[in-house]
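Everything below concerns the one structure shown next.
The values are calculated or read from the model by the stated rules, or taken from the named source; none is laboratory data. Keep in mind that this is a model prediction, so the values were computed, not measured. A quick note on method: Cβ atoms are made from the backbone with ideal geometry, for glycine too, and the neighbour counts reach across all protein chains shown.
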Amino acid sequence: MTPVAVEHQELLPINHEHGSPQVLQFLSFTLGNEEYGVNILRVQEIRSWEPVSRIPNVPSYEKGVVNLRGAIVPIIDLRERFNLNYAEYTSLTVVVVLQAEFNGKSRTMGVVVDAVSDVVEVDKNSIQRAPDFGTKVNTLFINGLASVNERMLMLLDVEKLLKLDGIDDVDLNATESKN
Amino acid sequence: MSIDMAQFHQVFFEESFENLEVMESGLLNLDMGDVNSEEINTIFRGAHSIKGGSGTFGFTGVSNFTHLMETLLDEMRDGRRKVTQSAITVLLGAVDCLREMLLAIQNEQEVDANAIDSYRKSLETELNHVNHSGASDASPVTRDIQAHQPIEPLSNQAQGWHIAFSPHLHLMKTGNDPIRIFRELGTLGELEVTVDLQGLPSIYNLDPEECYLSWELRVTGAIEFSDIEGIFDWVEDDCDMAFQSYSDKNALANQSDQTDLISVAGLASELVPVDVSSLPASLSIVSAVEKPVEQVLEPAKNSSTTTEDNRATVKGSNSIRVDTAKIDTLINMVGELVITQSMLSLIGEHFDLTKLDHLKNGLAQLERHTRELQESVMNIRMLPVSFVFSRFPRLTHDLSAKLGKKIELKLVGEHTEVDKTVVELISDPLVHLVRNSLDHGIELPDERRAAGKPEVGRVTLEAYHRGGNIVIEVRDDGRGLNKDKLKAKAIEKGLIDKDASLTDKQIYELIFMPGFSTAEQLTDISGRGVGMDVVRRNIQALGGNIEIISELGKGSTIAIHLPLTLAILDGQSVAVGDETYIVPLVSIIESINVTDKMLNRVAGKGETFRLRGDYLPIVRMHQIFDIKTARAKKLTEGLMVVVEGQGMRCGLFVDDLLGQQQVVIKSLESNYRRVEGVSGATILGDGSVALILDIPGLVRLSNQ
């Protein structure tokens, strides 16, 4: 038992030294024809879509809340959040449960996406700054762009994505309408 | 080992704080002049267990301090001393001081040595008081408190000297003999010699020509330092020594423990700065001299931080003391639950339809046990409100003396139980309210007499259950709230319009506005007008509300309504379309079917219905929550749930009632946000989430 453990421990740091500073891992998923990625360290789990309890008087992209092992977790529809066209939920529709820290408190939230595709490794240096997309997508949420196998991956900023409270919303709406 | 001790520390602190409370209430109950020895015994016992415990754990400062209190109490108990107001005040001060000391130790903070020293001085003064006034006993307690004032380091006015004397091995070879030194010291005053045999080797290794012993010497009397120095002149280079003047027995008792903060603070200033460098001093002596000096500096640095500030950083105690009876019930129930479970699994093993009745019975039992278990687990968190109330007799005692008022405090229903969280959070707002009553409510004795009231004002603190709430009332028979004055003040401050017409209730509400105070004079007790809005905010944060009833000249009552527990709620599930909501049962008055005859429209818009002569506004759930699947759109088709929230009644229009159940409150905000009209969420039996309605919020929402 012990020698194996030691070997393992020795292996890990080497791996890390190799990879971690330059290479980041992203979970990629699709929304329509577009491909997005979130830092895999932010992903708690991936679930199939199940009906939510609606919350009254909130923006329509906030679909509602579900019971995630005793915790009340809100579900956000990313298509609606990004003003993409509406799609029926199918058996492939999944919910990616994400975690982010706000003021030292961790917050969990689920986002509805069309389908998850892959875990990809992205070289840190190859990430480009996001250009201004104009009206279509709010670039506020986009941390950068990366190209993976000739496809463009939009890397999302999970912290900004999960921020919903009052003032922030006003800001976002303002930029949206300006755009 | 250290972990174990820390564990015991916690218990010791808890017990000590309880003992302090016992002592405090005992002291407040003491009748002046009339010695009830049982009462004093109770106080004495409290002090004694603190002394014993602190001694065991090595909190010497605490035990020495308590010893002084004990001496005083002992004399009272034996009737050698009269119970005077001043003695009680001093003892109460000492109780405070002990509490501070214990808190400081508990939080591993620096003790405010100056404050403690002043308390100790007043204790000693009190003790002295009797000694000088001709008491016969020769208790060797205090000689002169003057000497206890920080004196100049080289002052010669000491009452005695304490000398640590440890000669080097070769002392005898230099022709000196400790015995001769002691004899000479004896001529200066009363000499007490303690020998330390630690350095003594076994008889086989002993060299008779070497000096292995060291001594602690105490010389009592008004002796000049130079005299003592003269005696040790010859051996100065051949020994380690330290001199210290002392002024009383207590200080002496402390000397053996130099790390003790309290004794040190008092003594360090009196330490004669023996030139350490000139002596080839051993480590122990160096540390004995240096440590106190550091510690004198520490308190000086900290002295600007007040005790109030220290309180704010007190570690929250996360333990809870539970009545063993409660735990026994719990264990009983778990036992029964296990039996039921094994019964059910037995049925399940060879199940056929003939056993259906058995199964149903078993399930019913399981349900009952689960509910009972839940109740008794919740019960563990319940504490009597006396935990909060117990501090008020003291507060009243102190404040009434300070304000020159005569006030009697009456506590009713201290045994009412409420959740621990609520107990902890309610205490600050309550202190504020009681202070207000004492300071603003109750008039000065003259004023009361002029108003034809008894001179002694009365403040009542009462707790009782009502529905699922606990109600805490602060009642006084003072001057009451002056509506005109409140209104004038509010207009002056621009809080309301000049010609606004307000109901009594709305006027009283004004005092909860930030920055509102009608007190003519600001005192350090209250009147800055920052308090009441904070009080209300705190109480609302607990899910409670606060209301005021007052009559000018007769007094006022402030009632706080709080939920019993913050974790579980009795709820009524209601259906609107395909959505389920929970209405807190406490806010439901009744549910009715309305008929066309009962319905009215106010100004063509606001809908109302008449219920036994009252017109109540209607809140349509499907409208304000925009529920498209709602079945009942006409008011006569659905159900009207009459609810009450913050003194306002209204009808909540829903499709149907589903059932009553206890629900566990889950926060929406931890992962999400605050939603208007919703106080939280819960998980239903089928695993789905239902929102718990916030009735006052809903009313506000529908008014928008």
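Go over the candidates B:GLU607, B:GLU669 one by one and state the one that is among the acidic types (Asp, Glu) and over 30 Å from A:ARG107 (Cα atoms).
One residue alone meets the criteria, B:GLU607.
Return yes when B:VAL699 is more than 27 Å from A:LYS105 (Cβ to Cβ), more than 9 Å from every other protein chain (Cβ to nearest Cβ) and touching a Ser or Thr at 6+ places or on another chain (Cβ under 8 Å) and no when it is not. Steps first, please.
On the way: more than 27 Å from A:LYS105 (Cβ to Cβ): yes; more than 9 Å from every other protein chain (Cβ to nearest Cβ): yes; touching a Ser or Thr at 6+ places or on another chain (Cβ under 8 Å): no.
So B:VAL699 fails the test.
Among the residues of region A:41-66 satisfying the criterion of being among the basic types (Lys, Arg) and within 20 Å of B:SER688 (Cα to Cα), which is nearest to the other protein chains (Cβ to nearest Cβ)? Don't jump to the end; show me each part of the working.
Initially, region A:41-66 is screened for residues among the basic types (Lys, Arg), giving A:42, A:47, A:54, A:63.
From what's left, within 20 Å of B:SER688 (Cα to Cα): A:47, A:54, A:63.
Numbers: A:ARG47: 13, A:ARG54: 6, A:LYS63: 12 Å.
Filtering region A:41-66 for residues that are among the basic types (Lys, Arg) and within 20 Å of B:SER688 (Cα to Cα), the one nearest to the other protein chains (Cβ to nearest Cβ) comes out as A:ARG54.
Restricted to region B:635-651, and to residues that are in a loop (DSSP other than H, G, I, E, B) and not hydroxyl-bearing (Ser, Thr, Tyr), which residue is surrounded by the fewest Cβ atoms within 10 Å (Cβ to Cβ)?
Within region B:635-651, the first condition is being in a loop (DSSP other than H, G, I, E, B), and the residues that meet it are B:635-638, B:646-647.
Next, only the ones that are not hydroxyl-bearing (Ser, Thr, Tyr) stay: B:635, B:637-638, B:646-647.
Details: B:LEU635: 20, B:GLU637: 13, B:GLY638: 23, B:GLN646: 14, B:GLY647: 9.
So, considering only residues that are in a loop (DSSP other than H, G, I, E, B) and not hydroxyl-bearing (Ser, Thr, Tyr), the one surrounded by the fewest Cβ atoms within 10 Å (Cβ to Cβ) is B:GLY647.
Among the small types (Gly, Ala, Ser) and either more than 20 Å from B:ILE548 (Cβ to Cβ) or surrounded by 15 or more Cβ atoms within 10 Å (Cβ to Cβ) (or both): which single residue out of B:SER501, B:SER400 fits that description? Write out each step before concluding.
Working: B:SER501 fails: either more than 20 Å from B:ILE548 (Cβ to Cβ) or surrounded by 15 or more Cβ atoms within 10 Å (Cβ to Cβ) (or both).
Unique residue meeting the criteria: B:SER400.
If you scan region B:661-699, which residues turn out to be within 34 Å of the chain's Cα centre (by Cα), buried (at least 21 other Cβ atoms within 10 Å of the Cβ) and in a helix (DSSP H, G or I)?
Correct list: B:ILE695 only.
Limited to region A:20-66, what total is found for residues that are touching a residue at least 40 places away in the same chain (Cβ under 8 Å) and part of a helix (DSSP H, G or I)?
Of the residues in that region, 2 qualify.
Testing B:VAL643 on (1) under 29 Å from B:ASN469 (Cβ atoms); (2) within 10 Å of chain A (Cβ to nearest Cβ), one condition comes back false. Which one is that?
(2)
Taking B:VAL654, is it within 14 Å of another protein chain (Cβ to nearest Cβ), exposed (fewer than 15 other Cβ atoms within 10 Å of the Cβ) and in contact (Cβ under 8 Å) with a residue 40 or more places away in the chain? Full working, then the answer.
Working: within 14 Å of another protein chain (Cβ to nearest Cβ): yes; exposed (fewer than 15 other Cβ atoms within 10 Å of the Cβ): no; in contact (Cβ under 8 Å) with a residue 40 or more places away in the chain: yes.
When the stated conditions are applied, B:VAL654 does not pass them.
May I ask you to list the residues in region B:614-639 that are among the acidic types (Asp, Glu) and either within 22 Å of A:SER53 (Cα to Cα) or within 14 Å of another protein chain (Cβ to nearest Cβ) (or both)?
Within region B:614-639, B:ASP626 is the sole residue that qualifies.
Could you check B:ASP497 against (1) closer than 30 Å to B:LEU585 by Cα; (2) in a loop (DSSP other than H, G, I, E, B) and say which number it fails?
(1)
With the condition kept exactly as written, say whether any residue in region B:415-424 is in contact with a Pro (Cβ under 6 Å, 6 or more places away or on another chain) and either closer than 20 Å to B:LEU542 by Cα or among the aliphatic types (A, V, I, L, M) (or both). Full working, then the answer.
First, pick out the residues of region B:415-424 that are in contact with a Pro (Cβ under 6 Å, 6 or more places away or on another chain): B:415, B:417.
Keeping just the survivors that are either closer than 20 Å to B:LEU542 by Cα or among the aliphatic types (A, V, I, L, M) (or both) gives B:417.
Looking through region B:415-424, at least one residue is in contact with a Pro (Cβ under 6 Å, 6 or more places away or on another chain) and either closer than 20 Å to B:LEU542 by Cα or among the aliphatic types (A, V, I, L, M) (or both).
Would you please name the residue that is nearest to B:GLY645 (Cα to Cα), looking only at residues in region B:578-620 that are more than 46 Å from the chain's Cα centre (by Cα) and among the aromatic types (Phe, Trp, Tyr)?
B:TYR615
Which condition from (1) modelled with pLDDT of 85 or more; (2) out of contact with any helix residue (DSSP H, G or I) (no Cβ under 6 Å at 6 or more places or on another chain); (3) within 14 Å of chain A (Cβ to nearest Cβ) is the one that B:ILE589 breaks?
(3)
With the structure loaded, tell me whether B:ILE589 is in contact (Cβ under 8 Å) with a residue 60 or more places away in the chain and surrounded by fewer than 16 Cβ atoms within 10 Å (Cβ to Cβ) or whether it fails that test.
Values: in contact (Cβ under 8 Å) with a residue 60 or more places away in the chain: yes; surrounded by fewer than 16 Cβ atoms within 10 Å (Cβ to Cβ): yes.
Here the answer is yes, as B:ILE589 does meet what is asked.
Give me a count of the residues in region B:329-381 that are of a type outside the set (D, E, K, R) and over 37 Å from the mean Cα position of the chain (by Cα). Reasoning before the result, please.
Step one: list which residues in region B:329-381 are of a type outside the set (D, E, K, R), which gives B:329-335, B:337-348, B:350-351, B:353-354, B:356, B:358-359, B:361-366, B:369-370, B:373-374, B:376-380.
Among the residues that remain, those that are also over 37 Å from the mean Cα position of the chain (by Cα) are: B:337-348, B:350-351, B:353-354, B:356, B:358-359, B:361-366.
The qualifying residues number 25.
Whether any residue in region A:28-40 is of a type in the set (D, E, K, R) and within 13 Å of another protein chain (Cβ to nearest Cβ) is what I want to check.
So the first thing to find is which residues in region A:28-40 are of a type in the set (D, E, K, R), and the list is A:34-35.
Of the ones still in play, those that are also within 13 Å of another protein chain (Cβ to nearest Cβ) are none.
No; the residues of region A:28-40 include none that is of a type in the set (D, E, K, R) and within 13 Å of another protein chain (Cβ to nearest Cβ).
What's the number of the condition A:ALA115 fails, among (1) at pLDDT 85 or above; (2) facing another protein chain (nearest Cβ under 10 Å)?
Every condition holds for A:ALA115 apart from (2).
Among the residues of region B:387-423 satisfying the criterion of being of a type in the set (S, T, N, Q) and under 19 Å from B:ILE470 (Cα atoms), which is farthest from the chain's Cα centre (by Cα)?
If we filter region B:387-423 for residues that are of a type in the set (S, T, N, Q), which is where we start, we get B:390, B:396, B:400, B:416, B:421.
Retained after the next criterion (residues that are under 19 Å from B:ILE470 (Cα atoms)): B:390, B:416, B:421.
Working: B:SER390: 9, B:THR416: 18, B:THR421: 13 Å.
Applying the filter and picking the extreme gives B:THR416.
Take A:GLY110 and decide whether it is on the phi > 0 side of the Ramachandran plot, assigned to a strand (DSSP E or B) and either modelled with pLDDT of 85 or more or away from chain B (no Cβ under 14 Å) (or both).
Numbers: on the phi > 0 side of the Ramachandran plot: no; assigned to a strand (DSSP E or B): yes; either modelled with pLDDT of 85 or more or away from chain B (no Cβ under 14 Å) (or both): yes.
Criteria not met by A:GLY110.
In region A:67-105, which residue that is outside any strand (DSSP E or B) and within 14 Å of chain B (Cβ to nearest Cβ) is surrounded by the most Cβ atoms within 10 Å (Cβ to Cβ)? Don't jump to the end; show me each part of the working.
From region A:67-105, those outside any strand (DSSP E or B) are A:69-70, A:78-93, A:103-104; that's our starting set.
Narrowing the set further to residues that are within 14 Å of chain B (Cβ to nearest Cβ) leaves A:69-70, A:103-104.
On the way: A:ARG69: 6, A:GLY70: 8, A:ASN103: 5, A:GLY104: 5.
Checking each candidate, the answer is A:GLY70.
Looking only at region B:678-695, count every residue that is at pLDDT below 85 and within 9 Å of chain A (Cβ to nearest Cβ) and tell me the total.
Residues flagged as at pLDDT below 85 and within 9 Å of chain A (Cβ to nearest Cβ) within region B:678-695 amount to 1.
Within region B:594-601, can one find any residue that is β-branched (Val, Ile, Thr), in contact (Cβ under 8 Å) with a residue 12 or more places away in the chain and under 27 Å from B:LEU684 (Cβ atoms)? Show your work before the answer.
Filtering region B:594-601 down to residues β-branched (Val, Ile, Thr) leaves B:594-595.
Next, from what is left, pick out any that are in contact (Cβ under 8 Å) with a residue 12 or more places away in the chain: B:594-595.
When the remaining residues are screened for being under 27 Å from B:LEU684 (Cβ atoms), the result is none.
No, the conditions are met nowhere in region B:594-601.
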